[in-house]
Amino acid sequence: MGIYDSLTRATKRGGAATAYDQHAVTAPDVLQGLADGIRPTDDPGWVVASPEKIHAPTTATLEQAEKEELEAIDYKNSVDNGIRLVKARAQKVKDTVRLAIAHRGYQKTVVKAGVAVAGANKGLADVMQNARAALAGMGHSLDHKTETIDHAVEKIKRKYQRGAN
């Protein structure tokens, strides 16, 4: 176990290093983009619907021609409305991108702030750990001094108590 630990730098404490070595930043997750986005693996719909094709030159009655003309006007209006819809939807997608970029900027700020606070906490923890060592040393020194003085006082007491008898 000792050789394994020295090679892998494994320790029994592990705690913090183990906890902070984890992450959820993976390429498939990061590169998702829009929830309903188009990716290279998607079929974007290469075939476009179109009016029925006239396969050969053909004649028509006056009623058929007028009906087709009215349908063509309706179709043009529908196409114009479809273009308006697509443009509006495209604007919403552009605005979604602006919002996502702003939010990612916010998230970067939060991550950086969290790391800065953690760094400040770590710095304070270092000082507190150093204070433990300093206080332990001073406490030991004071205990030793107290013991030495107590011993000296006891010697003095004994000396003068003997003389008083």
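The table below lists the values:
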| quantity | calculated |
| --- | --- |
| Flag if ILE73 is in a helix (DSSP H, G or I), within 30 Å of ALA24 (Cα to Cα) and either modelled with pLDDT of 95 or more or among the basic types (Lys, Arg) (or both) | no |
| Hey, ILE83 modelled with pLDDT of 95 or more, over 30 Å from TYR20 (Cα atoms), in a helix (DSSP H, G or I) and among the β-branched types (Val, Ile, Thr) or not | yes |
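The values are calculated or read from the model by the stated rules, or taken from the named source; none is laboratory data. For clarity, every value in this text was computed on a predicted model and none was experimentally measured.
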